[in-house]
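The next block holds one structure in the form of structure tokens; read it before the comments.
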Amino acid sequence: MFETIIFSLLNGLVYGLLLFLLSSGLTLIFSMMGVLNLAHAGFYMLSAYFAYSISIHLGFWYGLLFAPLIVGFIGAMVERYGLRKVHKFGHVPELIFTFGVAFLLEELVQFVWGRNQLAYNKPEILEGSLFTLFGADFPIYKMFMLIVSVVIFIILLSVLKYTRTGLIIRAAVGHPNVVGMLGHNVPLIFMVTFGVGTALAGIAGAIAGPVLGTYPGMASGLGGIMFVVVIFGGLGSLGGAFIASLMIGLIQTFAIAIDASLSDVFLLMDIVITEQTFMYDIWVTSLSQVAPLIPYLMMVVMLIFRPAGLMGARES
Amino acid sequence: MSHLTRICRAESVVRKKRLRILWLCFAVILLALPLVTSNFGITILTQICVASVFALAYNMLLGQGGMLSFGHAVYFGLGGYASIHLMELVGNGVPVPLVLTPLFGGLFGLIAAFLIGSFSTRRAGTVFAMISFGIAELVAASAIILVSFFGGEEGVSSDRTMGPAFFGYEMIPQIEVYYFAAVWFFLATYAMYHFSRSPAGRLANAVRDNAERTQFIGYNPQKIRLVSFVASGFFAGVAGGIFAIQYEIVTDSNLNTAASGLVMLQAYIGGIGYFVGPVIGAIVMTLLNTVVSGVTDLWLLYTGLLFIGTVLLAPNGLTGLIMMHTDAYHNRKLATLIKPYLLGMLPLTAAFIGVVSLLEMFSHRNEAAVGDDSMLLFYIDVDISTWFPWVGFTLLSLLGLAGLRVVIPVVRASWDAANEMQILSNSTINNESDS
């Protein structure tokens, strides 16, 4: 019992921080431009593929360095030559455009790298386990993911809080028009933010590829959860995204570990569920089975009762 | 004043007459189409009927109500599941003619849309889109867990031939299924058209364009959105019902987010600003899905490229491209466009053949077995192990793209010329009526 809690806690933390790496860029873009970038997870996947290709030629570390840079550049170009063009038609075409990019990225990845999962491996230094607790191993690589995520979080926070660029970006999040009036090049800020945001997703892709698997479905697997984080945490709130990431990471890993269902609760009340009971399959569905559902349920409930999210200042 | 009203009335009579002729043509085309195609063609036509009803229903939200849904396949799928269960009941002796199945699917979709829409339509825009997405994920995941209604991963299936015959009509051969689908397609399209012209449809337009102002006039935007949403859910369920009859099986792949994305693609590629847009999108996408997918594995890539191209270059969709020519038509200048368009087709075709060939050769190099170097491209045998086709098709695409750069201004200029006269003739008409 105790070891399950410890390991769920650690795994949830790793997963949650990875989610934060993805959603931090997404929430910056969302709050500044009002566009929910549906292709964000696509860039995450693209980066994993680039990192794989670079890693087989130059090694893992070069992949980790260059893949996010390339993806960030591609992201900036998508903003410059795609999104900016669609912007004048309104928010709905923008959403549709990013949906199209997501669709295209998934097909493009299959076109170039094929449909199978790639053997994107961890570097040798990060193989093996860091410590063994109650007979279960905790891999070094997960600790590495944890450290990278935390370092990126600290860098991002300090850039936003303590530099002039960060000041302008924070201003542009809330009041892009006023920032434009003050003489800053708002389209350039948008482009750079979009590029940096996708690069952050790129880092997440490059470090997640070896553990979560590098395959064409990796974007749609994580994409939905990412929107949940951004919306649950609140529009434009990095703090909210941070809390929501950890919450969802922890809830999902704990839910997977728990094999109880409603029928167990009924059993405590001396009600036995059999196959003849009305709506039998609802009562016997275990918590681990519905774990993938929980985030979406959280999002829908949040959107109904508080569309601004946990810490969001305004509605979309 | 009375003169003006008389003109208006006369015009609307003409318009109504023309509309009636259009509906008649539509019915005749639907009836006559199977006569000119093969068996495979009839299957595709049936698919087009289903896809068109669904895409039209979707466009009641996106095009007419301004609500972007990422989860509309939920109502299609629920309608389909309900219809399969109804077919099963009919097979067990419940006396309901199976031709009414889509109505049952529609009612099921309507109830589901009412339950979900009662809270999701409170806001439009991104919030609505995200709620629809969340609901779609929830329902799609439930479809796998809740086996008794959804049948788990293998879905639920039934048999359309078990029910009582409807005036000697048993829906065993594919052609009868087609006529069943075509009749429902016609009825649904007729109903949706008149919905879009009804006060409820017009108010949906108003809420789409400016919800605040509509509220000021005294309407509740949420109620108006809900009405559109429920109606759209009904017709999505109808489409699901036709689908259930045709395939006799419904699985979770009919209501997941991929299915929802596909219907959005259809509506948008066709053109969400026009009533017929989604039908054109459904036709194009169904052909891509059935015919092109038989020729190449890359059809989804082409679909994505077509979609991105539409969003960037033709935001009014394929219908918008056709409708761009109404002014030229009224000016009787359409013929002047034939020559420049033919000129434009030349580099376009070159670029198309070049780029598609490069993509196909690249894909063949990746996918085919080692040593299998020959492939058929546009009726030409190509050996991809030599450098010649690579260089040749690259040159062809570059040449085509360069040619496009030269030709596009010419085409645009002649298009402008064909439309410019309109402003002149319009003003002369106005002058006449003023005097």
Legend entry - Largest-first principal axis extents, alpha carbons of the protein assembly as shown, Å: 88, 70, 67
Legend entry - Average accessible area per residue (Å²) across segment B:247-313 - probe 1.4 Å, nucleic acids and ligands excluded: 34 Å²
Inset, instruction - Would you mind calculating the gained length between residue B:293 and residue B:29 on full extension (0.36 nm times residue separation, minus the Cα-Cα distance), in nm to one decimal? - result: 92.4 nm
Inset, instruction - Using a cut-off of 15 Å between beta-carbons, work out the net charge of the residues near residue A:45 (Lys and Arg +1, Asp and Glu -1, residue A:45 not included). - result: -1
Inset, instruction - Using only the C-alpha atoms of segment A:39-188, find the volume of their convex hull and express it per residue in Å³. - result: 175 Å³
Inset, instruction - Give the value in nm², to one decimal: projected area of the alpha carbon convex hull of segment B:38-180, averaged over all directions. - result: 9.8 nm²
Legend entry - Residue-normalised accessible area of chain A, given per residue in Å² at a 1.4 Å probe: 45 Å²
Inset, instruction - Could you order A:124, B:137 by accessible surface area, starting with the largest, using a probe radius of 1.4 Å? - result: A:124, B:137
Inset, instruction - Extending each Cα 7 Å along its Cβ direction at residue B:17 and residue B:401, get the distance between those two points in nm, one decimal. - result: 5.3 nm
Inset, instruction - Taking 50 Å² as the minimum loss, tell me which residues in segment B:59-73 lose that much accessible area going from the chain by itself to the full protein complex (1.4 Å probe). - result: B:68, B:70
Inset, instruction - Using a 1.4 Å probe on the heavy atoms of the protein chains only, list every residue of segment A:215-261 that has 10 Å² or more less accessible area in the complete assembly than in its chain alone. - result: A:224, A:227, A:231
Inset, instruction - Would you work out the charge dipole size for segment B:39-311 about its Cα centre, treating the Cβ of every Lys and Arg as +1 and the Cβ of every Asp and Glu as -1, and quote it to the nearest 20 debye? - result: 1160 debye
Legend entry - Ratio Rg/Rh, restricted to chain A and using Cα atoms, in which Rh is the Kirkwood radius: 1.01
Inset, instruction - Rounding to the nearest 20 debye, state how big the charge dipole of the protein assembly as shown is about its Cα centre with +1 on each Lys and Arg Cβ and -1 on each Asp and Glu Cβ. - result: 3260 debye
Inset, instruction - For the protein assembly as shown, with all protein chains present and a 1.4 Å probe, just round the carbon and sulfur fraction of the accessible area to a whole percent. - result: 68 percent
Inset, instruction - Using a Gaussian network model of chain B whose springs link C-alpha atoms within less than 10 Å, name the residue from B:235, B:243, B:393 with the highest mean-square fluctuation. - result: B:393
Legend entry - Relative contact order %, chain B, counting alpha carbon pairs below 8 Å whose residues are six or more apart: 21 percent
Legend entry - Summed buried accessible surface, chains B and A, 1.4 Å probe, nearest 100 Å²: 3700 Å²
Inset, instruction - Find which of B:191, B:214, B:162 sits farthest along the positive direction of the dipole of segment B:107-222, computed with +1 on the beta-carbon of Lys and Arg, -1 on that of Asp and Glu, about the Cα centre. - result: B:214
Legend entry - Net charge of Cβ neighbours under 14 Å - reference residue B:60; Lys, Arg +1; Asp, Glu -1: +4
Inset, instruction - Please work out how much accessible surface residue B:122 shows to a 1.4 Å probe, ignoring ligands, DNA and RNA, in Å² rounded to 10. - result: 110 Å²
Legend entry - Residue with peak Gaussian network fluctuation, chain B [Cα springs, cutoff 10 Å], from B:253, B:148, B:52: B:148
Inset, instruction - Please name the residues of segment A:57-88 whose accessible area, counted over protein heavy atoms with a 1.4 angstrom probe, falls by no less than 30 Å² between the chain alone and the full protein assembly. - result: A:85
Inset, instruction - Report Rg(Cα)/(2.2 N^0.38 Å) for segment B:39-311, keeping two decimals. - result: 0.98
Inset, instruction - Would you look at the GNM of chain B, springs on alpha carbons closer than 10 Å, and say which of B:203, B:31, B:110 moves the most? - result: B:31
Inset, instruction - Sum up the charges of everything whose Cβ sits under 13 Å from the Cβ of residue A:127, counting Lys and Arg as +1 and Asp and Glu as -1, but leave residue A:127 out. - result: 0
Legend entry - Spin-label model distance (nm) - residue A:9 vs residue A:124, 7 Å beyond Cα toward Cβ: 3.6 nm
Legend entry - residue A:265 paired with residue A:159, simple spin-label distance in nm, labels 7 Å along Cα-to-beta-carbon: 4.5 nm
Legend entry - Span-rule helices in chain A, defined as complete DSSP H runs reaching 18 Å or more along the axis (Cα) with Kyte mean at least 0.0: A:2-33, A:40-57, A:60-78, A:91-113, A:140-162, A:186-212, A:218-233, A:238-257
Inset, instruction - Quick one: go through segment B:123-140 and flag any residue whose amide nitrogen is under 15 Å from the point 7 Å out along the Cα-to-Cβ line of residue B:220. - result: B:123
Legend entry - Cβ-placed point charges (K, R +1; D, E -1), dipole of segment B:198-277 about Cα centre in debye, nearest 20: 360 debye
Legend entry - For residue B:217, solvent-accessible area (1.4 Å; no DNA, RNA or ligand), Å²: 130 Å²
Inset, instruction - Before rounding to the nearest 500, sum -39500 (n - 2.57) across all DSSP H runs of length at least 4 in the protein assembly as shown and divide by the residue total; then give [θ] at 222 nm in deg cm²/dmol. - result: -24500 deg cm²/dmol
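The values are calculated or read from the model by the stated rules, or taken from the named source; none is laboratory data. Computed from a predicted structure; not experimentally measured. We place every Cβ from the backbone using ideal geometry, glycine too, and count neighbours over all the protein chains shown. SASA here: full protein model, heavy atoms, side chains in, ligands and nucleic acids out. Shrake-Rupley method; radii C 1.70, N 1.55, O 1.52, S 1.80 Å.
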